[in-house]
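The values are calculated or read from the model by the stated rules, or taken from the named source; none is laboratory data. Note that the structure is predicted; figures quoted are calculated from it, not measured. A quick note on method: Cβ atoms are made from the backbone with ideal geometry, for glycine too, and the neighbour counts reach across all protein chains shown. Only protein heavy atoms, including side chains, enter the accessible area calculation; ligands, DNA and RNA are left aside. Shrake-Rupley method; radii C 1.70, N 1.55, O 1.52, S 1.80 Å.
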There are 4 protein chains.
Amino acid sequence: MQRRRTDGPRTGVWLIGARGSVATTVVAGCAALAAGLWPAAGMVTETGAFADCGLAPLDGLVFGGHDTAAGPLPKRAEELAEGGVLPHGLPAAVHRELAEADAEIRPGGPQPGDTRGDEELIAAFAADIGEFVRRRGLARAVVVNVASTEPVDEGGAVRLPASSLYAAAALRAGCAYVNFTPSAGLRHPALAEAAAASGLPYTGRDGKTGQTLLRSVLAPMFAQRELRVRAWSGTNLLGGGDGAALGEPAAAAAKNAGKNRVLEDVLGGLPEGTTHIDDVPALGDWKTAWDHVAFEGFLGTRMVLQTTWQGCDSALAAPLVLDLARLLGRAHEAGLAGPRPELGFYFKDPDGTDGADASLAGQYEALLGFAELLRETR
Amino acid sequence: MQRRRTDGPRTGVWLIGARGSVATTVVAGCAALAAGLWPAAGMVTETGAFADCGLAPLDGLVFGGHDTAAGPLPKRAEELAEGGVLPHGLPAAVHRELAEADAEIRPGGPQPGDTRGDEELIAAFAADIGEFVRRRGLARAVVVNVASTEPVDEGGAVRLPASSLYAAAALRAGCAYVNFTPSAGLRHPALAEAAAASGLPYTGRDGKTGQTLLRSVLAPMFAQRELRVRAWSGTNLLGGGDGAALGEPAAAAAKNAGKNRVLEDVLGGLPEGTTHIDDVPALGDWKTAWDHVAFEGFLGTRMVLQTTWQGCDSALAAPLVLDLARLLGRAHEAGLAGPRPELGFYFKDPDGTDGADASLAGQYEALLGFAELLRETR
Amino acid sequence: MQRRRTDGPRTGVWLIGARGSVATTVVAGCAALAAGLWPAAGMVTETGAFADCGLAPLDGLVFGGHDTAAGPLPKRAEELAEGGVLPHGLPAAVHRELAEADAEIRPGGPQPGDTRGDEELIAAFAADIGEFVRRRGLARAVVVNVASTEPVDEGGAVRLPASSLYAAAALRAGCAYVNFTPSAGLRHPALAEAAAASGLPYTGRDGKTGQTLLRSVLAPMFAQRELRVRAWSGTNLLGGGDGAALGEPAAAAAKNAGKNRVLEDVLGGLPEGTTHIDDVPALGDWKTAWDHVAFEGFLGTRMVLQTTWQGCDSALAAPLVLDLARLLGRAHEAGLAGPRPELGFYFKDPDGTDGADASLAGQYEALLGFAELLRETR
Amino acid sequence: MQRRRTDGPRTGVWLIGARGSVATTVVAGCAALAAGLWPAAGMVTETGAFADCGLAPLDGLVFGGHDTAAGPLPKRAEELAEGGVLPHGLPAAVHRELAEADAEIRPGGPQPGDTRGDEELIAAFAADIGEFVRRRGLARAVVVNVASTEPVDEGGAVRLPASSLYAAAALRAGCAYVNFTPSAGLRHPALAEAAAASGLPYTGRDGKTGQTLLRSVLAPMFAQRELRVRAWSGTNLLGGGDGAALGEPAAAAAKNAGKNRVLEDVLGGLPEGTTHIDDVPALGDWKTAWDHVAFEGFLGTRMVLQTTWQGCDSALAAPLVLDLARLLGRAHEAGLAGPRPELGFYFKDPDGTDGADASLAGQYEALLGFAELLRETR
């Protein structure tokens, strides 16, 4: 198939966890949309509100990344199609683009037995990214962390977590940075100074794709109607890589901190209740989230709302990753630096939004304002 | 119990359907809150955002109304406590206020066999309201329709539906008017001219208390995230008087028109799917609403959200009725006339909001703006 | 692929509605199981309890049938694979068997404009079946109705419904008969005499694949624990051909009669509540059934059970059709005649089971007893 | 109120945890039913199948017990009525019976700081029970453990858990014994010999009142239809005393062992998935259990069943406790000794049922057989 190629400088998207389900869906999906094989469902930046903002076109994005795993991307895409995550036929239709991205994936780290120190790893990662930008003649690149969730550092760790090594490498390579996971990344205290001095835009943390997305519209409803939430309980069932990672209590703790934040911010305090994350390999890349909200109305009447959300994690995450890469790449071009609270719409635990409206509606307003800002700075 | 009585002119609340569950809960609940027996959960006008707006204090509201049924209010309240709708002990604690309101209820109409014409009934109703205002020395009264839903007029009716007779009486008595039901009320074409000429404020239609409340926060979420809703199906189970009324297809049609409006307004078109309303007397005043939303994300991936809302209709409606009576009474005092689109927050099918933001978040913003307006006009 | 072919006489399966989703899944699935491509999940007759009963082996079944629609079976199978009903790759793997069955499908009727009378149609259908048996050298054939649900006959119809024409043809061709749908089939009063005189075994009505299957285990639980069901409400969402057919009130009435029967039989009376069937084309061959059971326990305490069943209609029905064809074919061989109440396990509204245990557990016992009987008659 | 008193010897019911919610509901409910104030919903032994079995009449039961907590029973009953667990008005109506039982409650143990050894405690408890039987002139007494769940003994404990001390005391006092909780009770290895030698009937463990009751009818459905369960996940939300106890991981482990047993026994192996028990004090005595079953049918098609059970723990447990006390008292009279597998219907983890049918249907059959046995031994 002959496809139009955008002229002018292109934007790199450097994915940490480049062989995972989300990254594979990002690469395959971007190619499918650019080729007009599918409508752009799930992508906010393809709506009219983002026209004339100067965002990179989908066929102007170039993919590469780090991963500690092997296994070629076209094969990963076939596996996802088997599991019903990608449409059948899609991996074959975008084989060229998958192979192109595959050729740009470099080994991540530290691997077990790796004797390199933090500084050495950061330098190596930054060199990989820099070389990618130069070789492909890119205007700039955005580094996006879509790797599996790391366990929470209980303190006392002698070295930086891997997510923070990659984040430091992004800064060193002069790249904007997105943390789509609950891992520490650029939030590690050791990186605060470098982040502030970098003059680069960054955003995170933990993409809001399912249960927390719902909570960010339901919690404001209770608050605005003065319905008092007494307990908010939930269970997430998920298979895939993230299910296994989050089955670990320490990783789940990282995840839950973000999940709780929206309830705390909107309801003015955390209600009773626990949120579980269960690894259920039988579900593959599909996840099911059940929420049970016990609330109280007029004269103390007790009522209940339950929700069940059945979604495909990669399909929910991938369009947001594309949105974020485009938005932050453009912010970089426009000279915007530091945390971007305007992107709270995308995250469970957004950067730089203390005191801001944590409702999805408020965050959407802020996002539209950001589009306006980008439009004005062209 | 000796209770503080607000000095200064008081505001009347004239309830159409004054012996129903909602009305009884309104009267009993207002007394309980005024006496400090319960916190004001569920009432938006008791939050800080409405301070200094000049709203009538809860102990400054005086109740009366029309009803075609008999049965003293204190007894109705006891029945509601039996059914778990009112707290046990409350009917006894507010017996005096219930008896006081009971003494102000006048027979509604037309009753079966009633030979009076429309004009005669309107005049009689208006006289009842006017006498109530004079005898109790009220500054003004707000008429609120909380009667059972009427069947949709299929056209060709020779006389006005009862809800419109009461609405016309409200105008004639110089009262602000709230339609909390799906019935025609002031929307009847025959009343358009009188409404416009009245110089009175009015608002409606059909209080947004459960399934539609949820839809008004969920539909914007799908829209903002570009998740494409393929089908939105739902079932409501409810007992009580409204269950029986809405079990009738013609009455259900009236209800559903409102329910669909939020989906149409927010999603830009009505998706596939049906919404059922079932009469299940075993549930009494409790209702359960199940919603099933089939939607599509990135690359056409099919996903599902289900919600189950279990609430008590009267407990959900009563605080909104109090809110509306206070807000519209104050609007009347401030000289505001015509439909009040700022009160869309409270309704499924709001008056005068064509083209306005139909999301709950947008409606809440508009409501806060109305508070600001009322504050400024003091 | 070279596959073992069972020696000895084979059994025909003549499907009414032979180009529908269920029939296509039956043919493709039988071939896949016979070839060892998939384990026999969902088939009860492949479990140890049915060994040595003399059932026809899966590779000894030969398919044909009637359909009013055109469209080759291999193409129908591809469409089902697109919709996620059949595994990708399966239609290609069993193309030969699909084409073989396709060649045995004859036009059904009456078509619009068909001037043939009932007797003429019955004779034509019986001739089609007889020719199939002779030409393929079959020991016998079982006729199975898997066509779309017919509207309930309101009385006064001058001619037999199509399902009864096919049933009469089955008798005339000397074939055992299974009615897997809610249509009249052999239950039509005009066929009672012929059925009794035929000496053939028959069974039905309306395969129990989802919501009613669940009800047949839940209702006995309430009964055995003396928990009193106050209301049982439900909603079915389904797309596909059956969704459209059952969206018609008259067809839905036929369906619901069967659905209610298990509740009546087990609970000793029909509780409050309605069961809706909605046509939601967006769901394709997938169906979702929500049930809400309001029940009462000790001292009148009110409690609730809700269930949501998300299944694929064809995948649920097809293995039961294969089970029934094998069981009834063997019953025919064994000389059993008349309604087979032992097969109530498979049906919403079983033949000949008045007064029998309507719980799934009791029906399973009866089925095991039937296996024993077949084993003994070898 | 003057009430009929059964002549002849009466049966004692000695409750361990006699001031808890379940025990209070047992005492109040038994009095209400004996007085004809409520129908006997939830009690299996009041159905026709148990007529003429020689069971003690409800007005022939006399209550007493041990508890480590103080607080008079009539007051506990008032609190339960406040929480909606008992009907309003009931505590007053049965005040005499509550006070009577209250007078028969003795301090449990060991209390914190208690220096008595195991043998001393057993002797003291047995003396309490024996004195109760003598003083009230009872034919016999049944000891029923309805206390909060104990943590699982991780091994290495130097003394018996409290539940086993009470169980040993029951044997010593010559009483039949029911363990309605997941605690060790008579299953402690140190009691095996005494139990075998006692000549007394006993039964347990862990009353099957909600999620496991459901599982015991759903799991057989999957098994009988050859639908392959891939993962069975669940979450229980419960407040009250049991919520707090089961919030402890060690106590939850005891509970879950029983919950898993029915799946293992029926499905022939434990599927993937976790069952959570969350303490949600806001729910009081009400519990909500959500289950998610991922299963596979014909050709590997993946389907899902979800259930939500909303019940009141005490209302579900109390009638079963009354059933068990009557059945085991009668078994004692009839000279039956040892574990009673016929009562598996009532328990998650029944005594003496290895290899027996673990479906509720099979267990109900066994229970009816037990009724027959009791009838024959009169």
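Output the residues belonging to the stretch B:68-89 that are within 12 Å of chain D (Cβ to nearest Cβ), open to solvent by 80 Å² or more (accessible area, probe 1.4 Å) and within 22 Å of the chain's Cα centre (by Cα).
none
Checking residue A:302 against (1) at the interface with another protein chain (Cβ under 9 Å from one of its Cβ atoms); (2) open to solvent by less than 30 Å² (accessible area, probe 1.4 Å): exactly one of these is not met. Which one?
Just one mismatch for residue A:302, condition (2).
Could you check how many residues of the stretch C:271-299 are surrounded by fewer than 21 Cβ atoms within 10 Å (Cβ to Cβ) and within 9 Å of chain D (Cβ to nearest Cβ)?
Residues that pass the stated criteria total 1.
Considering only the stretch B:308-331, I want to know if a residue exists there that is of a type in the set (S, T, N, Q), touching a residue at least 40 places away in the same chain (Cβ under 8 Å) and either farther than 30 Å from residue B:87 by Cβ or crowded, with 24+ Cβ neighbours inside 10 Å (or both).
Yes: the stretch B:308-331 contains one or more residues that are of a type in the set (S, T, N, Q), touching a residue at least 40 places away in the same chain (Cβ under 8 Å) and either farther than 30 Å from residue B:87 by Cβ or crowded, with 24+ Cβ neighbours inside 10 Å (or both).
Give the residues of the stretch C:226-238 that are open to solvent by less than 10 Å² (accessible area, probe 1.4 Å) and facing another protein chain (nearest Cβ under 7 Å), sorted by residue number. Steps first, please.
Going residue by residue through the stretch C:226-238, those that are open to solvent by less than 10 Å² (accessible area, probe 1.4 Å) are C:231-235, C:237.
Residues satisfying the conditions are C:231, C:233, C:235, C:237.
Just one of (1) hydrophobic (A, V, I, L, M, F, W, C); (2) modelled with pLDDT under 95; (3) under 30 Å from residue A:80 (Cβ atoms) trips up residue A:356, so point out which.
So the condition that residue A:356 fails would be (3).
Does residue C:210 satisfy being more than 25 Å from residue B:283 (Cβ to Cβ) and either under 17 Å from the mean Cα position of the chain (by Cα) or modelled with pLDDT of 75 or more (or both)?
No: the conditions fail for residue C:210.
Looking at (1) in a loop (DSSP other than H, G, I, E, B); (2) surrounded by fewer than 24 Cβ atoms within 10 Å (Cβ to Cβ), find the lone condition where residue A:18 falls short.
Just one mismatch for residue A:18, condition (2).
Residue by residue through the stretch A:254-291, note down the ones that are under 26 Å from the mean Cα position of the chain (by Cα) and in a strand (DSSP E or B).
Scanning the stretch A:254-291 gives A:275, A:276, A:277, A:278, A:279, A:286, A:287, A:288, A:289, A:290, A:291.
Could you tell me whether the stretch B:342-353 includes any residue that is more than 14 Å from chain A (Cβ to nearest Cβ), of a type outside the set (D, E, K, R) and open to solvent by less than 30 Å² (accessible area, probe 1.4 Å)?
yes
Hey, can you tell me all the residues within the stretch D:90-106 that are of a type outside the set (Gly, Ala, Ser) and surrounded by 14 or more Cβ atoms within 10 Å (Cβ to Cβ)? Reasoning before the result, please.
If we filter the stretch D:90-106 for residues that are of a type outside the set (Gly, Ala, Ser), which is where we start, we get D:90-91, D:94-98, D:100, D:102, D:104-106.
Passing the criteria: D:90, D:91, D:94, D:95, D:97, D:98, D:100, D:102, D:104, D:105, D:106.
For the stretch A:39-54, which positions are free of Cβ contacts under 8 Å to residues at least 40 places away in the same chain and within 9 Å of chain B (Cβ to nearest Cβ)?
At the first step, the residues of the stretch A:39-54 found to be free of Cβ contacts under 8 Å to residues at least 40 places away in the same chain are A:39, A:46-48, A:51.
Within the stretch A:39-54, A:39, A:46, A:47 qualify.
I need the full set of residues from the stretch A:21-54 which are open to solvent by 30 Å² or more (accessible area, probe 1.4 Å) and of a type in the set (A, V, I, L, M), in order please.
Matches in the stretch A:21-54: A:34, A:37, A:49, A:51.
For the stretch D:113-211, which strands (runs of 3 or more DSSP E) that fit wholly inside it have 2 or more residues that are of a type outside the set (Gly, Ala, Ser), open to solvent by 10 Å² or more (accessible area, probe 1.4 Å) and assigned by TED's automatic domain parsing to the domain that holds residue D:67?
The strands (runs of 3 or more DSSP E) meeting that bar are D:138-145.
Collect the residues in the stretch B:66-108 that are without any contact (Cβ under 8 Å) to a residue 60 or more places away in the chain, farther than 25 Å from residue B:167 by Cα and part of a loop (DSSP other than H, G, I, E, B), keeping them in residue-number order.
Result: B:87, B:88, B:89.
Select from the stretch A:305-321 the residues that are facing another protein chain (nearest Cβ under 9 Å) and not in a strand (DSSP E or B) and list them in ascending order.
A:314, A:315, A:316, A:317, A:318, A:319, A:320, listed by residue number.
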